[in-house]
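Participant: One structure, as structure tokens, below. Some questions next.
The values are calculated or read from the model by the stated rules, or taken from the named source; none is laboratory data. The shown structure was predicted, so the numbers you read here are calculated from the model rather than taken from an experiment. Cβ: placed from backbone, ideal geometry, glycine included. Neighbour counts: every protein chain shown. We work out accessible area using only protein heavy atoms, side chains counted, and drop any ligands, DNA or RNA first. Shrake-Rupley method; radii C 1.70, N 1.55, O 1.52, S 1.80 Å.
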Amino acid sequence: GENVEQHPSTLSVQEGDSAVIKCTYSDSASNYFPWYKQELGKRPQLIIDIRSNVGEKKDQRIAVTLNKTAKHFSLHITETQPEDSAVYFCALSIQAGTALIFGKGTTLSVSS
Amino acid sequence: SAVISQKPSRDICQRGTSLTIQCQVDSQVTMMFWYRQQPGQSLTLIATANQGSEATYESGFVIDKFPISRPNLTFSTLTVSNMSPEDSSIYLCSVEWSGGEQYFGPGTRLTVT
């Protein structure tokens with residue numbers, strides 16, 4: 001079945017720096033790519049998503065890019081703040097109505 | 001987005017017993033899913049809860065261990081049967097919203113002793 005590789009597993013940055021998390025996948029039929037943020041003891045929260053017909057999407061300080069040819073997608077967080085500290089999961093699905101397959105997660109620590 | 005609730009929020013159970021987790025959504029949704037998240041790990045799909053028919057289980061999960069009900073478009077239950085300490089985990093339901101995005105319930109933290 002489909003597999004999602006997520007890197008790095010941990011990421012430490014200084015406040016104000018940028019953070020980038022990358023996920024690679026194998027099935028070219030994958031067409032929906034969301035990112036979730038999970039704070040300790042909380043549910044995963046959808047923060048941004050992208051579909052296969054779009055190359056980039058931005059929402060304030062976060063952006064997601066998709067390279068369908070290379071089969072990877074990345075989360076970019078600019079001007080990081082301590083409240084960005086959390087575990088971030090990439091995910092994907094093959095089509096609407098199917099469940100998500102998750103990466104193993106990246107623990108982001110932003111120090112002030 | 002949908003408002004999703006789960007009951008119970010947490011429980012401590014004895015091995016060999018069963019626990020039923022409820023997931024309620026404030027709007028009708030077609031797709032509901034159940035995931036498991038073991039401590040410090042990612043989310044793993046248990047099954048897709050199909051309304052009016054049997055759930056579709058992922059490899060490694062069986063109906064006898066994790067029976068699922070989906071009586072209508074706003075409610076589903078997951079039962080963890082004959083529990084062992086290895087079943088200690090967070091169990092989350094999710095729903096697919098109108099735009100195709102998925103939202104999660106708050107989770108049920110299960111500890112089996």
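Participant: Using a 1.4 Å probe on the protein heavy atoms, what percent of the accessible area of segment B:1-58 belongs to carbon and sulfur?
Facilitator: Carbon and sulfur: 41 percent of the exposed surface of segment B:1-58.
Participant: Another one. If you average 1/r across every pair of different Cα atoms in chain A and take the reciprocal, what Kirkwood value do you get, in Å?
Facilitator: One over the average 1/r among Cα pairs gives 14.0 Å for chain A.
Participant: Here is a follow-up. Need the per-residue list for segment A:69-112: every residue with at least 10 Å² less accessible surface in the complex of protein chains than in the chain by itself, probe 1.4 Å, sorted by number.
Facilitator: The answer is A:Phe89, A:Ala96, A:Gly97, A:Thr98, A:Ala99, A:Leu100, A:Phe102, A:Lys104.
Participant: Using the heavy atoms of the protein chains and a 1.4 angstrom probe, tell me the accessible area per residue for segment A:66-112 in square angstrom.
Facilitator: 42
Participant: Just counting partner chain Cβ atoms within 10 Å, what average do the residues of peptide A:24-37 show around their Cβ? Please list the in-between numbers first.
Facilitator: On the way: counts 0, 0, 0, 0, 0, 0, 0, 1, 3, 0, 3, 0, 4, 0.
Across A:24-37, the average partner-chain Cβ count within 10 Å equals 1.
Participant: So how much accessible surface do A and B hide from each other in total, probe 1.4 Å, in square angstrom to the nearest 100? Before the final figure, lay out each step's value.
Facilitator: Values: alone 6370 and 5960 Å², together 10920 Å².
Heavy-atom accessible area buried at this interface is about 1400 Å².
Participant: In debye, nearest 20, what is the charge dipole magnitude of chain B about its Cα centre with +1 on Lys and Arg Cβ and -1 on Asp and Glu Cβ, if you could check? Before the final figure, lay out each step's value.
Facilitator: Working: 7 positive and 9 negative charges, 58 e Å.
Its charge dipole is roughly 280 debye.
Participant: Checking the a/c ratio against 1.5 first, then a/b against b/c, what shape does the Cα gyration tensor give for chain B?
Facilitator: prolate
Participant: Mind listing which GluC sites (Glu not before Pro) in segment A:1-52 are in a DSSP loop and have 15 or fewer other Cβ atoms within 10 Å?
Facilitator: Sites meeting the loop and neighbour criteria: A:Glu2, A:Glu15, A:Glu39.
Participant: Moving on to the next point. Given a cut-off of under 8 Å on Cα pairs at least six residues apart, what relative contact order in percent is computed for chain A?
Facilitator: 37
Participant: Considering only protein heavy atoms and a 1.4 Å probe, what is the carbon-and-sulfur percentage of the accessible area of segment A:10-112?
Facilitator: Summing carbon and sulfur atoms, their accessible area is 46 percent of the total for segment A:10-112.
Participant: Relative contact order for segment A:56-112: what percent, with Cα pairs under 8 Å and sequence separation of 6 or more?
Facilitator: It rounds to 27 percent for segment A:56-112.
Participant: Continuing with the same structure: At 1.4 Å probe radius, can you tell me the per residue accessible area of chain B in Å²?
Facilitator: 47
Participant: Measuring from centroid to centroid over Cα atoms, what is the spacing of segment B:51-113 and segment A:36-112 in Å?
Facilitator: About 23 Å separates the Cα centre of segment B:51-113 from the one of segment A:36-112.
Participant: Now for a separate question. I'd like the residues of segment B:43-87 whose 1.4 Å-probe accessible area shrinks by no less than 10 Å² going from the isolated chain to the full set of protein chains.
Facilitator: Buried by 10 Å² or more upon assembly, which counts only protein chains, are B:Leu43, B:Leu45.
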